[in-house]
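We did not get these values from a lab; they are worked out from the coordinates using the rules stated. Treat the numbers as computed from the prediction; the structure is a model and nothing was measured. Here Cβ is always computed from backbone atoms with ideal geometry, including for glycine, and neighbour counts include all displayed protein chains.
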Amino acid sequence: MVEAKALAKRFGEFEAVRGIDVHVRRGEAFGFLGPNGAGKSSTMRMIASVSPRSDGELKVLGMDPDREGPRIRARLGVVPQQDNLDTELTVRQNLHVYGRYFGLSRARVRAKAEELMEFAQLTDRADDEVDSLSGGMKRRLTIARSLVNDPDLLLLDEPTTGLDPQARHLLWDRLFRLKTTGVTLIITTHYMDEAEQLCDRLVVMDGGRIAAEGSPSELIARYSTREVLELRFPPGEQEPAVERVTDLAERVEVLPDRLLLYTAAGEAALEQAHARGLRPASSLVRRSTLEDVFLRLTGRSLVE
Amino acid sequence: MSERALTARPRARDHARVVGSWRAAWLRVEGHWTWYRRYWTSNLYSSGLQPLLFLVAMGIGFGSQVEPGAATGGLSYLHYVAPALLVAGSVQNAIGESTYPVLSGFKWQKDYLAVTSTPVTPGQLLGGQLIWVGLRLALAGTVYALIAWAFGAWLGPGVALAVLVAVATGVACAAPMMAVAATTYDEGTRFAAIFRFLVMPMVLFAGTFFPITQIPPGARWLAWISPLWHGNELARGAALGGLEPLAALGHVAYLAALFAAGGLAARHYFYKRLVV
């Protein structure tokens, strides 16, 4: 569906994307995980065929975006980072107007709009102005709008940023349903839980480059341990504790507010720490996540 | 139901496709029309009725104090000023429609980004905007013309041509203004300046209320380069007669050149802003 080789994007002196190789297969959910400014959105815009590449090769649906942009865009669904709905039109009108840009007949967009409003759980708001919708509803409408042309490939740029937990889960559920119908998804996110929930395969991006690639579980297995022990100390006590725990884990990350001990057996490490007389204010044993993978790969947190 | 419907492959004629350029621009007009149908009353008031207030105040009120003379071509002031008010209103509308609404498409509402994510290109989007402005002007101009007719402001059917002139002059001004809007990245403070220092003086001095022969010769070129003067001359020629064919051709050529240059610049900057 997408084939990129040494793909690069420059804005003047600034290199947003520094030569990445990406291969997205039909039917999969592919993720770009990375912090803000990693080059995810620039990559998405190039795939969306609204931003010419500066270097490298790019094929989307087998076509070159530089030469066949409109033909590619006819088969894409795009959910931009910021909603760009027509806020002075109703929910239904937004779908009608947008669908027409894809050359669909009036009858077709009318039928499709009903179907999509049901899918997005917006049927009872069909004739309300977009201005009156909540953030989560607007997001669902943006996603519904992106499906009006039955796209082969759906691009979602930070689909749940800024939404409350309940709205996020509802949205994930909708995206998961889409995935089961065979739509290929490409998602950018800086939330590791989102990437874990939705992506079959993902690349970790940092500073315009790909730092690692694989399925969420592969990445965790490759770059982290099975469990993580988190220790929080009262102010001033963390620093002296660091050297006393280094040999309890394969690796120790020192964050401003806590220590992360990477180990196969978290509970055992916690017992040993207690046996050494360490008294953390709180402790937590958890499984490794993509957040830990990112920390390992870049030395930084995803959300800062 | 939704899942099944989403997976069912659409019939061939229901497939998304790339439409031709004119069709794409027209679809943009259709989108605007959907919006306009919701808000037409307030729009028509500001765009169509405002020039009428001028007509009543200047043409009938102030005009009652003006003797027909050489400056008005021997006509009543109402007849003299009515065609020019039509064009002046049209130009102000056109420029208004090409400033904040266009900037909003790029910056606030961002609906231009939504449109150009579809097969529609920035150039087609611009075309749709210009056609839409033209249609709005035609509607407002017609409303104005009909009501002014009830006041007895027209001498004959030439007014129909004057409405066309008003639309053309407005669209010729809209094209360069859209180029300006596409290069505006702040909150649009320059639009207020353009209105105060370009549009208002142009309305006052480019032959709308009095002939430009009253302007000192040294400053008269300011009127000559203003698109409104060319539009005013054409509209008066259409409504009242007495315009030399060669002069008419010159005015048309000036407006056509403005439209072409402005349109090309706008197209350039639309691409520059939307394809980055």
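Using a/c under 1.5 as the rounded threshold, could you call the range A:32-143 rounded, prolate or oblate? The axes a ≥ b ≥ c are square roots of the C-alpha gyration tensor eigenvalues, and prolate needs a/b larger than b/c, oblate otherwise. Intermediate results must be reported in sequence, preceding the final value.
Working: a/c = 2.83, a/b = 1.56, b/c = 1.81.
Oblate is the answer for the range A:32-143, as a/c is 1.5 or above yet b/c matches or exceeds a/b.
Let me know the Kirkwood hydrodynamic radius for chain B, please, with Cα pairs as the basis and the value in Å to one decimal.
Final number for the Kirkwood radius of chain B is 20.0 Å.
What residue among B:129, B:275, B:31 has its Cα farthest toward the positive end of the dipole of chain B, where the charges are +1 on Lys, Arg and -1 on Asp, Glu, each on the Cβ?
B:275
So if I place +1 on the C-beta of Lys and Arg and -1 on the C-beta of Asp and Glu, and nothing else carries charge, what would the dipole magnitude of the range A:97-221 be about its Cα centre? I want it in debye, nearest 20.
Using Cβ point charges on Lys, Arg, Asp and Glu, the range A:97-221 gives about 500 debye.
Take every residue in peptide B:34-46, count the Cβ atoms of other chains within 10 Å of its Cβ, and give the average of those counts.
On the way: counts 9, 5, 0, 1, 5, 1, 0, 0, 0, 0, 0, 0, 0.
Counting other chains' Cβ atoms within 10 Å and averaging over B:34-46 gives 2.
Within 10 Å, count the other beta carbons around each residue, average over each peptide in A:82-93, B:163-174, A:125-136, and list them highest first.
B:163-174, A:82-93, A:125-136
So if I average 1/r over every pair of distinct C-alpha atoms in the protein assembly as shown and take the inverse, what Kirkwood radius in Å does that give?
For the protein assembly as shown, the Kirkwood estimate is 27.5 Å.
Could you work out the helix-only [θ] at 222 nm for the protein assembly as shown, with each DSSP H run of four or more residues adding -39,500 (n - 2.57) and the total divided by the number of residues, to the nearest 500 deg cm²/dmol? Before the final figure, lay out each step's value.
Numbers: 24 runs with 294 residues, N = 580.
Helix-only estimate at 222 nm: -16000 deg cm²/dmol.
Pairs of alpha-carbon atoms within less than 8 angstrom and 6+ residues apart define the contacts here; what relative contact order does chain A have, in percent?
Result for chain A is 20 percent.
Give or take rounding to whole Å, what are the principal axis extents of the alpha carbon atoms in the range B:49-110, in descending order?
52, 19, 11
Semi-axes, largest first, in whole Å: what does sqrt of 5 times each Cα gyration tensor eigenvalue give for chain A? Mind dumping the intermediate values first?
Working: eigenvalues 343, 107, 48 Å².
Computed over chain A, the values are 41, 23, 15 Å.
Sorting A:176, A:233 on the 10 Å Cβ count, fewest up front, what's the list? Walk me through the numbers on the way to the answer.
On the way: A:176 13, A:233 20.
Ordered by Cβ neighbours within 10 Å, fewest first: A:176, A:233.
So what's the projected area for the range B:144-269, the Cα convex hull averaged over all directions, in nm²?
Mean projected area of the Cα convex hull: 9.1 nm².
Run the Debye formula on the Cα coordinates of the range A:225-287, all scatterers equal and no solvent, and tell me log10 I(q)/I(0) at q = 0.27 1/Å.
-1.25
Ignore the peptide's own chain and count Cβ atoms of other chains within 10 Å of each Cβ in B:15-28; give me the average, rounded. Numbers along the way, then the final one.
Working: counts 8, 16, 8, 10, 7, 1, 0, 0, 2, 4, 0, 1, 7, 3.
That average works out to 5.
For the range B:194-200, just list the computed ³J(HN,Hα) in residue order, Karplus coefficients 6.51, -1.76 and 1.60, θ = phi - 60°, integers in Hz, with x standing in for Gly and Pro.
Karplus-based 3J(HN,Hα) across the range B:194-200 equals 4, 5, 5, 9, 10, 6, 4 Hz.
Within a 10 angstrom radius of the beta carbon, how do B:39, B:100, B:77 rank from fewest other beta carbons to most?
Details: B:39 10, B:100 17, B:77 22.
In increasing order of surrounding Cβ atoms, one gets B:39, B:100, B:77.
Just order A:220-228, B:153-161, A:148-156 by mean Cβ neighbour count inside 10 Å, highest at the front, would you?
Taking the mean over residues of other Cβ atoms within 10 Å, the ranking is A:148-156, A:220-228, B:153-161.
Can you order the peptides A:109-121, B:192-204, B:256-268, B:212-224 by their average number of other Cβ atoms within 10 Å per residue, highest first?
Descending packing order for the listed peptides: A:109-121, B:256-268, B:192-204, B:212-224.
Please average, across the residues of A:103-109, the number of beta carbons from any other chain that are within 10 Å of each residue's own beta carbon, and give a whole number. It would help to have the intermediate numbers written out before the result.
Numbers: counts 14, 7, 2, 1, 2, 6, 1.
Averaged over the peptide's residues, the number is 5.
If you average 1/r across every pair of different Cα atoms in the range A:182-246 and take the reciprocal, what Kirkwood value do you get, in Å? Please report the intermediate quantities before stating the final value.
Numbers: mean 1/r = 0.0678 Å⁻¹.
Computed over the range A:182-246, the radius equals 14.8 Å.
Please arrange B:132, B:149 by how many other C-beta atoms lie within 10 Å of their C-beta, fewest to most.
B:149, B:132
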